[in-house]
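Novice: Please see the structure below; I have some questions.
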Amino acid sequence: MLIAMGSSAHAEVSGSHALMLVAEELGIGLVVGLGFAFIGAKLLTLSAQKEWLSEVWVQLTVATLALASFGVAQTLHGSGYIAAFSGGLLFGHLHEKHTHKLVLTTESIAELFAMLTWILFGAAVVSQVFDLFDGTIILYAAISLTLVRMLPIYLSFLGTDVPNAQRLFMGWFGPRGLASIVFAVIVIEAGLPGGKFIALVVTCTVFMSLVLHGITAKPLANRIGK
């Protein structure tokens, strides 16, 4: 929504129209995602009852539904991410007893694509802009990985008996930045003023997260586990 409003401020588009476009994108994503999940879940149940699918092919259902809902939503100018996410929630609810079994292969596929993403990120992105990282960008990235992320998580445990060490541990570690990369791409495609600089800051932050969290993961996990 903020991206749409920012775009409207620098184009001949009113704020209300920008919000309407965002609502339309979210709406299409929800309809497509929930629709694919509901139909897919029912077809999977029917196929299981009729014994039309072997165990091997059943493993591909979740990944296929996710890719299909994402692709169709994007084609209809909706949000593919909303479609995949909302569809996953509904599918998991409809097949709650078998969710773990159904997502085993999907998790492996997701992990593979994540690894490929990081390889491409390092080879095609970081290597091209590394020399553009200056002190200000690095300082912001450091603040983002510490104060901005850790403080809210630490405060969220106030009133609980969670030890300080575990609060800091959970605040320090987290997502490596796949979502941040997606949002950076959206900002660039939206043509926002300063979009390339925002993407540069995101790249630096994600790169530092990968390095610092990767280096500290094992020693801190071993220490917190004692």
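Quick note: the coordinates plus some simple rules give every number you see, no bench work behind them. Note that the coordinates shown come from a computational prediction; the quantities given were computed from them, not determined experimentally. Neighbour counts are summed over all protein chains in view; Cβ atoms, including those assigned to glycine, are modelled from backbone coordinates with ideal geometry.
Novice: Can you sort Glu96, Glu25, Glu107 by how many other beta carbons sit within 10 Å, fewest first?
Specialist: By the 10 Å Cβ count, ascending, the order reads Glu96, Glu107, Glu25.
Novice: To continue, here is another question. Convex hull volume of the Cα atoms in the stretch 133-226, per residue, in Å³?
Specialist: Enclosed volume per residue, from the Cα hull, is 105 Å³.
Novice: Using a cut-off of 9 Å between beta-carbons, work out the net charge of the residues near His77 (Lys and Arg +1, Asp and Glu -1, His77 not included).
Specialist: Every neighbour counted, the sum reads -2.
Novice: Below 28 Å, Cα to Cα, which lysines can Lys101 reach? Residues fewer than 8 away in the same chain don't count.
Specialist: Lys42, Lys50
Novice: Once the convex hull of the alpha carbons of the chain is built, what does its volume come to per residue, in cubic angstrom?
Specialist: Dividing the Cα hull volume of the chain by its residues yields 180 Å³.
Novice: Ranked by Cβ crowding within 10 angstrom, fewest neighbours first, how are Leu90, Leu116 ordered?
Specialist: Leu116, Leu90
Novice: Students often check this: by mean Cβ neighbours within 10 Å, which of 74-85, 147-158, 192-203 ranks highest, and how do the rest follow?
Specialist: 74-85, 192-203, 147-158
Novice: Also: So what is log10(I(q)/I(0)) for the stretch 47-94 at q = 0.13, 0.19, 0.27, 0.30 1/Å, when the Debye sum runs over its Cα atoms only?
Specialist: Values returned for q = 0.13, 0.19, 0.27, 0.30 Å⁻¹ are -0.36, -0.66, -0.93, -1.02.
Novice: Here's a follow-up. How high is the relative contact order of the chain, in percent, with contacts defined as C-alpha pairs under 8 Å that are six or more residues apart?
Specialist: After rounding, I find 20 percent.
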